[in-house]
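The values are calculated or read from the model by the stated rules, or taken from the named source; none is laboratory data. None of the values given here were measured: they were computed from a predicted structure. Because the Cβ atoms are built from the backbone with ideal geometry, glycine has one as well, and the counts that use them run over all protein chains shown.
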Amino acid sequence: MLLEVKDLVVEVEGKRVLNGVNLAIREGETHVLLGPNGAGKSTLFLTILGFPKYEVVEGSILFNGEDITNLTTTERVQKGLGVSFQNPPAIRGVSVRDLLKFESKQDPDEELNPRMQELAKKLKFSDEFLDRDVNRGFSGGEVKRSEILQLLAQGPLFTMFDEPDSGVDIENVELLAGELNVLLDKDKKPGQRRKAGLLITHLGYILNFVKADKAHVLMHGVIACSGDPDEILEDIRKEGFKGCVGCAECNS
Amino acid sequence: MLVVQNVTHDAEKAKDKKAALGTDVVIENFTTEDINAFDVIDDLKDIDKKTQKTILKVGVDANSEERAGSFVQMDQSNIFSHSISDSIELMNLGVALDKHSWLKDYLWKAVKPDVDKYTAQCALQESENDAYSGYFVRSLPGTKEIFPVQACMFIADQDVMQTAHNIVIAEENSELHLITGCATGDDISSALHVGVSEIYIKPGAKVTFTMVHNWAEQVEVRPRTAIYQEKNSTYINNYILTSPVKSIQSYPTTYCNGENARALFQSIQSGINDSIIDMGSRAILNAPNTSAEIISRSVANDNYRIYSRGHLSGNVPNVKGHLECHGLVLDDNSSIYAVPELEANAANLEMSHEAAVGQIDEEEIYYLTSRGLTEEEAASMIVRGFLSMDITGLPDELAAETQKMIDMSLDGM
């Protein structure tokens, strides 16, 4: 098992948000996390990532069999976790290029390595764009593409994507999805896939391009149901999350 | 020499006049030094290696590569002065006064001798010794020298009071770039630096003045700078301070007296260790279509106190000014006091300011840790980014050089 979340109870500023979440993701698998606004999807992400504000009251998080519940974010990332944020902060004077160099473990004084230059071009970033302050005045689509580009530099084993397709125009969703598939080893044969990931999506549009193995619905801080992504999405499209309420109550 | 008499008279009266801002320095605690205490050198490389290294940190390159000229003052002695450019005159101010009879009209005009006891000291030193310490730089009409002149003010002896009187003249339609680096010898714990700089920019001329300070921790620094700008002239001032010092108080002021004159002040001040920094920039817009922009970034840490001031004064219609002051306070023992002032003395002018002082945004730290940086690395990257300045208006080589100077200063933090 690459990532295992066991009976996770999480509080944010004293308020309970997750109520005993269980999740297990194997190498090579891509899971989808669905759920209404406020269900705790981002909280689950940021808890797995280890942001200090998210306090684990009970339960544990295992990565590659190792308990990482008490590690710092930096340590977790060094072990192979990665995340693409939905609304990352802008940082004055820190350029995308600076970050890409750090993420690809390059000397800051050297030129950006050819692989990253190539990838930047592929994601439609000009050379000048790379010198802009990260996320400062970026359009929705630029934010998403820059996040994916940084993850490609980082090369995590397990990647969490928080709505990677929101604010991205349709023609670019396919472009992004192509790189998501690289990050998820989808470009390899099933038997050779090592990387895995978890994806938050509202509309599920990106799932037309990124094949998910399993979907989970998060409701009221618990996983209300898990199963085949197509079936679950179909249900949600028809009935909304109403149908999940009952399941959430059973599971809590 | 009626002028000199008046200057001396005014200086004498202002001998005990405290400065309007900044902590008061007891001048009697410092000693004066003879203008010939150090021997003149023929080559910058004759300066000892250790000092060469120190001054390189403030942008003064002993190899003089890509420099139009160099000037070095050690304590009170002007030990080196050499211009390799046909476009630029560079020499000790006293030598220049002997050479150009007209130059006396520029003396103590933009900066008055009786501003406070520091300007008074500088003037009194001049009259007592009948000699001048400081440089004279002049770019000839219509010339554009892309390489900068470098000037170095170095304090070599303990408890010394260094005074320097600098005159910069950019003649009509000329372009002049100056780098001034100020530093102290390793073993100096206490000293006082008083620098009077008068900058005259003629019609259509452009001056960039980039100053890096790297004083010792117990040095008191009181620069007094004023700029007279004629029509269509441009002045760009870059100031960089990233090392501890006992106190600095300075408020360079430009007078945009000719139409379409433009001024830009950019300063970054950051540091640690009980320093009191009182830095301001002021633009007096006296002619139509003049404009000024003042940008400052401050970071305070470890008992650092920064007063970050800015003052824009519009005295005629159709002038424009913007003031931007951002600060980061990194610990509870430090403080930043931002004082942006706007003064409109005519209708139909445009002036604005933007000031924000606070701590590092946690979201930014977390974001960077999610990319594998430690919290310390993240904070340092954010601070460096915050202090990084867009270098505008400099020739490419000088912009790159200035960026290098900023990076080097930040590396030392």
Qualifying residue in region B:81-95 (condition: under 16 Å from B:G185 (Cα atoms) and either over 19 Å from the mean Cα position of the chain (by Cα) or assigned to a strand (DSSP E or B) (or both)): no
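For the structure I just gave you, tell me whether A:G93 is in a strand (DSSP E or B), touching a strand residue (DSSP E or B) at 6+ places or on another chain (Cβ under 7 Å) and within 12 Å of chain B (Cβ to nearest Cβ).
Working: in a strand (DSSP E or B): no; touching a strand residue (DSSP E or B) at 6+ places or on another chain (Cβ under 7 Å): yes; within 12 Å of chain B (Cβ to nearest Cβ): yes.
Considered against the rule, which asks whether it is in a strand (DSSP E or B), touching a strand residue (DSSP E or B) at 6+ places or on another chain (Cβ under 7 Å) and within 12 Å of chain B (Cβ to nearest Cβ), A:G93 comes out as no.
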Top-ranked residue of region A:71-81 - restricted to ones that are more than 8 Å from every other protein chain (Cβ to nearest Cβ) and under 16 Å from the mean Cα position of the chain (by Cα), ranked as surrounded by the fewest Cβ atoms within 10 Å (Cβ to Cβ): A:K79
Residue satisfying condition, being in contact (Cβ under 8 Å) with a residue 12 or more places away in the chain, on the phi > 0 side of the Ramachandran plot, surrounded by fewer than 19 Cβ atoms within 10 Å (Cβ to Cβ) and out of contact with any strand residue (DSSP E or B) (no Cβ under 9 Å at 6 or more places or on another chain), within set A:G167, A:G140: A:G167
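Let's see how each residue does on (1) surrounded by fewer than 21 Cβ atoms within 10 Å (Cβ to Cβ); (2) of a type outside the set (S, T, N, Q):
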{"residue": "B:P252", "(1), (2)": "no, yes"}
{"residue": "B:N260", "(1), (2)": "yes, no"}
{"residue": "B:I268", "(1), (2)": "no, yes"}
{"residue": "B:S275", "(1), (2)": "no, no"}
{"residue": "B:G280", "(1), (2)": "no, yes"}
{"residue": "B:I294", "(1), (2)": "no, yes"}
{"residue": "B:R297", "(1), (2)": "no, yes"}
{"residue": "B:Y304", "(1), (2)": "no, yes"}
Members of region A:26-59 found to be surrounded by fewer than 20 Cβ atoms within 10 Å (Cβ to Cβ) and assigned to a strand (DSSP E or B), listed by number: A:E55, A:V56, A:V57, A:E58, A:G59
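If I filter region B:388-398 down to residues being more than 7 Å from every other protein chain (Cβ to nearest Cβ) and surrounded by 16 or more Cβ atoms within 10 Å (Cβ to Cβ), which single residue comes out as nearest to A:L100 (Cα to Cα)?
Filtering region B:388-398 for residues more than 7 Å from every other protein chain (Cβ to nearest Cβ) gives B:389-398.
Then drop every residue that is not surrounded by 16 or more Cβ atoms within 10 Å (Cβ to Cβ), which leaves B:389, B:391, B:393-395, B:398.
Details: B:M389: 21, B:I391: 23, B:G393: 29, B:L394: 28, B:P395: 28, B:L398: 27 Å.
Filtering first and then ranking leaves B:M389.
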Index of the failed condition, B:T374 passing every other in (1) of a type in the set (S, T, Y); (2) within 11 Å of chain A (Cβ to nearest Cβ); (3) surrounded by 19 or more Cβ atoms within 10 Å (Cβ to Cβ): (3)
Odd one out for A:P108, checked against (1) buried (at least 17 other Cβ atoms within 10 Å of the Cβ); (2) within 14 Å of another protein chain (Cβ to nearest Cβ); (3) over 30 Å from A:G240 (Cα atoms): (1)
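Give region B:344-389 a look and list any residue that's part of a loop (DSSP other than H, G, I, E, B), among the hydroxyl-bearing types (S, T, Y) and in contact with a Phe, Trp or Tyr (Cβ under 8 Å, 6 or more places away or on another chain), or say none. Working first, answer last.
Pass one, region B:344-389, residues part of a loop (DSSP other than H, G, I, E, B): B:345-349, B:359-361, B:370-374, B:388-389.
Imposing the further condition that a residue be among the hydroxyl-bearing types (S, T, Y) reduces the set to B:370, B:374, B:388.
Answer for region B:344-389, where residues must be part of a loop (DSSP other than H, G, I, E, B), among the hydroxyl-bearing types (S, T, Y) and in contact with a Phe, Trp or Tyr (Cβ under 8 Å, 6 or more places away or on another chain): just B:S370.
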Failed item in (1) of a type in the set (A, V, I, L, M); (2) surrounded by fewer than 20 Cβ atoms within 10 Å (Cβ to Cβ); (3) under 16 Å from A:V83 (Cα atoms), with A:L198 passing the rest: (2)
Filter result for B:P288 (more than 13 Å from every other protein chain (Cβ to nearest Cβ) and either crowded, with 20+ Cβ neighbours inside 10 Å or at pLDDT 95 or above (or both)): yes
Residue tally, condition out of contact with any Pro (no Cβ under 8 Å at 6 or more places or on another chain) and either closer than 17 Å to B:Y255 by Cβ or polar (S, T, N, Q) (or both), over region B:317-341: 6
Among (1) in contact (Cβ under 8 Å) with a residue 40 or more places away in the chain; (2) aliphatic (A, V, I, L, M); (3) within 9 Å of chain A (Cβ to nearest Cβ) - the single one B:L368 does not satisfy: (1)
Checklist (1) outside any loop (DSSP other than H, G, I, E, B); (2) more than 30 Å from A:F138 (Cβ to Cβ) applied to A:T69, failing item: (1)
Number of positions in region A:48-67 that are away from chain B (no Cβ under 14 Å) and either without any contact (Cβ under 8 Å) to a residue 24 or more places away in the chain or farther than 21 Å from A:L151 by Cβ (or both): 10
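So that you can scan it fast, the table gives a plain yes or no per residue for (1) out of contact with any strand residue (DSSP E or B) (no Cβ under 8 Å at 6 or more places or on another chain); (2) closer than 23 Å to B:K104 by Cα; (3) hydroxyl-bearing (S, T, Y):
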residue	(1), (2), (3)
B:K206	no, yes, no
B:V212	no, no, no
B:Q229	no, yes, no
B:S270	no, no, yes
B:N273	yes, no, no
Residues that are of a type in the set (D, E, K, R), at pLDDT 85 or above and part of a loop (DSSP other than H, G, I, E, B), drawn from region B:44-60: B:D48
Of the criteria (1) more than 21 Å from the chain's Cα centre (by Cα); (2) assigned to a loop (DSSP other than H, G, I, E, B), which one B:E28 fails: (2)
Residues of region A:96-126 classified as in contact with a helix residue (DSSP H, G or I) (Cβ under 7 Å, 6 or more places away or on another chain), farther than 20 Å from A:L183 by Cβ and assigned to a helix (DSSP H, G or I), total: 1
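At least 3 residues that are of a type outside the set (G, A, S) and over 24 Å from B:I155 (Cα atoms) in each: list the strands (runs of 3 or more DSSP E) lying fully within region B:227-343 that qualify. Talk me through it step by step, then tell me what you get.
Working: elements: B:234-241, B:247-250, B:253-256, B:262-271, B:276-285, B:291-300, B:305-314, B:320-329.
By residue number, B:234-241, B:253-256, B:262-271, B:276-285, B:291-300, B:305-314, B:320-329.
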